[in-house]
1. Considering the stretch 541-587 alone, what residues qualify as being among the β-branched types (V, I, T), in contact (Cβ under 8 Å) with a residue 24 or more places away in the chain and either buried (at least 17 other Cβ atoms within 10 Å of the Cβ) or more than 27 Å from H518 (Cβ to Cβ) (or both)?
2. Is one or more of the residues making up the stretch 216-230 without any contact (Cβ under 8 Å) to a residue 60 or more places away in the chain, out of contact with any strand residue (DSSP E or B) (no Cβ under 6 Å at 6 or more places or on another chain) and under 30 Å from N91 (Cβ atoms)?
3. How many residues are more than 20 Å from P492 (Cα to Cα) and crowded, with 21+ Cβ neighbours inside 10 Å when one looks only at the stretch 425-455?
4. Give the number of residues within the stretch 84-114 that are touching a Phe, Trp or Tyr at 6+ places or on another chain (Cβ under 8 Å) and not β-branched (V, I, T).
5. Anything in the stretch 259-311 that is in contact with a Leu (Cβ under 8 Å, 6 or more places away or on another chain) and of a type in the set (S, T, Y)? List them, or say none.
6. Here are some residues: S398, S447. Which one is in a helix (DSSP H, G or I) and either touching a Phe, Trp or Tyr at 6+ places or on another chain (Cβ under 6 Å) or outside the structural domain of A48 (by TED's automatic domain parsing) (or both)?
7. All but one of (1) crowded, with 17+ Cβ neighbours inside 10 Å; (2) under 26 Å from E354 (Cα atoms) hold for L55, so report the exception by its number.
Amino acid sequence: MYLSNIKLWNFKKFGSSSAINLEKPNLDLNFTKGLNVIIGENDSGKTAIIDAIKLVLKTHSYEYIRIDDKDFYNNANRFRIELTFDDLTPNEAKNFTELLGWNGTGENVKPFLKLNYDVKRQADKILPVDIKAGIDEDGYLLTAEAKEYLKITYLKPLRDAGNELVAKRNSRLSQILLGDEAFKGKENDNELLQIFSGLKNKLEEFFNENDGTGQPKVGKQIKDKIDGYIKGFYGNNYETEFGATSNDIKSILEKLTLSLKGEINPGLGTLNRLFMAAELLHLNKSNWSGLRLGLVEELEAHLHPQAQMQVIEALQKLDTIQLILTTHSPNLVSKVKLENLIICNNKNAFPMGETYTKLDKNNYKFLEKFLDTTKANLFFAKGVILVEGWAEEILLPSIAKAIGINLTEKGVSVVNIGHTGFDHYAKIYLRQTEPNMKIPVAVITDSDIREYEKNGNDFVKRDANIVQQEIQTALTTINKKSENNVQYFLAPNWTLEYSLFKSTSLRAVFQNVAKAIHSGTDWEKDFELALAKKLINKGLKKTEIAYSIANALDEDLTKEIQEISISKHESDTINYLIRAIEYAAGN
């Protein structure tokens, strides 16, 4: 059994001003059977999804969970949560026999369980309500026993893992162990009871024994001193008795702590991993016929990047439990299979599985290999600019600042993919069906249409009309790739560097930088021809040139009167960069 779907109406981030329409949920999100990692920018709804699940199912720990006014979207007076569970085994289905629905026909009929939690408030008072189950709109009340089979394990963000693992009353460690088959049902017949019974006798001896000369031992000396006071308080017929607390299995387990062998004063990262390991023991207990679902907020809490990647690789190997995690860590995301990701954006959530995106099998295979930590930043951005090389990545933020746009403040990530295979990344943001994603994705690419060609040992300029026709054809082709929120921006002149050379805004800056970096080149006779030779022979130091131009732009902004003015006019050959920046920044 696993949580296959959640639907939300007017719950926290997910709502609308109109009345609830059960046919049109504000969030309709499918989960996978194993690992689900919810990501997205801050305040995008990740925690709201976790809270909704937790509110309906409650947790195995002694955590008080209640409805709050903040659970209602804006000023709504009603919210609704629906959870659907699929793949119930016969042993699991028997816990909900009268509440099940059925999918499929003939031999392919399979049971499913649907819960709903419909909450209303009147005059700022939240009305009492209970969780119901069934295939119709209202459903039937769940029994207390059925609710127990649906409880989940929850690890909150910034969890105090150390406090959960130490000996104390109702410690989480004792709760986990009590639920394990080693102790459950064996409360009166367990080896630990015998061990602690022997300890009780030893304690009694310690506080009552005399030594060989008849003198009281240390423990009895303490007891005799206390007894002296007690006799004064009560009378000579009274004395004290030391003993261990009750020897029931719960009390014994509450005395246990869990630590890593050989670690002295372990840090928060170690304690966090210990805590997760203990919770996984609880989720994997063999005598359990209920839901095995763990919710973990901010999995990366207290873990350094390498530890994050170790943990997520281990979690992806688990196949007997379902995990729904949230994270802000690109390091962690870079190790997660793309089909296990869910991106929160614009009051919606988008699973990245093959049935939802326009990525094909080859795209998934490629991204699993090349979606490293740097590129994983694109999942946390409000806008994305995909570029093919270092030169664009270095130069774009400075050009953006020069036209009054701070990409960092706008939450825009410039992602250098290192090649021209943009489809692998752009299709991440394209959906098979509505709703579509709203994250603006700008793809900047060179036209790669040469204006010069090599003829023997000479370099000759190509026919301008032919070049223009090829550019128009390339523009038509690239425009067909633009779809919904993914827009392509083509360099009108061969490459970025050639467009900079042709630019009315940055021509002089580009020429000065190129001359300084390639000081041994004869630029004076024919700069354009010299540039073309270097581009064709791949001898142009593009990264160094971009770095120097970016520095020149940044330094110019610190002056009282700027000397470099970037034109936004469409005739300027770097206008494609400006349009891409403005689109990704939402301007």
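1. I545, I549, I566, T573, I574, I578, I581
2. Checked against the condition, which is being without any contact (Cβ under 8 Å) to a residue 60 or more places away in the chain, out of contact with any strand residue (DSSP E or B) (no Cβ under 6 Å at 6 or more places or on another chain) and under 30 Å from N91 (Cβ atoms), the stretch 216-230 yields no hits at all.
3. Let us first name the residues in the stretch 425-455 that are more than 20 Å from P492 (Cα to Cα), namely 425-440, 454-455.
Adding the requirement that they be crowded, with 21+ Cβ neighbours inside 10 Å leaves 425-426, 428-429, 439-440.
Total satisfying the criteria: 6.
4. Step one: filter the stretch 84-114 for residues touching a Phe, Trp or Tyr at 6+ places or on another chain (Cβ under 8 Å), giving 84-88, 92, 95-96, 98-103, 109-114.
Next, only the ones that are not β-branched (V, I, T) stay: 85-88, 92, 95-96, 98-103, 110-114.
Number of matching residues: 18.
5. Once the filter is applied, which keeps residues that are in contact with a Leu (Cβ under 8 Å, 6 or more places away or on another chain) and of a type in the set (S, T, Y), the stretch 259-311 yields S259, T270.
6. S398
7. Of (1) crowded, with 17+ Cβ neighbours inside 10 Å; (2) under 26 Å from E354 (Cα atoms), only one is false for L55: (2).
Conditions (1) modelled with pLDDT under 95; (2) polar (S, T, N, Q); (3) outside any loop (DSSP other than H, G, I, E, B), marked per residue:
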{"position": "C344", "(1), (2), (3)": "yes, no, yes"}
{"position": "G353", "(1), (2), (3)": "yes, no, no"}
{"position": "K365", "(1), (2), (3)": "yes, no, yes"}
{"position": "L407", "(1), (2), (3)": "no, no, no"}
{"position": "T420", "(1), (2), (3)": "yes, yes, no"}
{"position": "Y425", "(1), (2), (3)": "yes, no, yes"}
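The values are calculated or read from the model by the stated rules, or taken from the named source; none is laboratory data. All figures in this text were calculated on a predicted structure; none of them were measured in a lab. Reconstructed Cβ throughout: ideal geometry from the backbone, glycine too, with neighbour counts over all protein chains shown.
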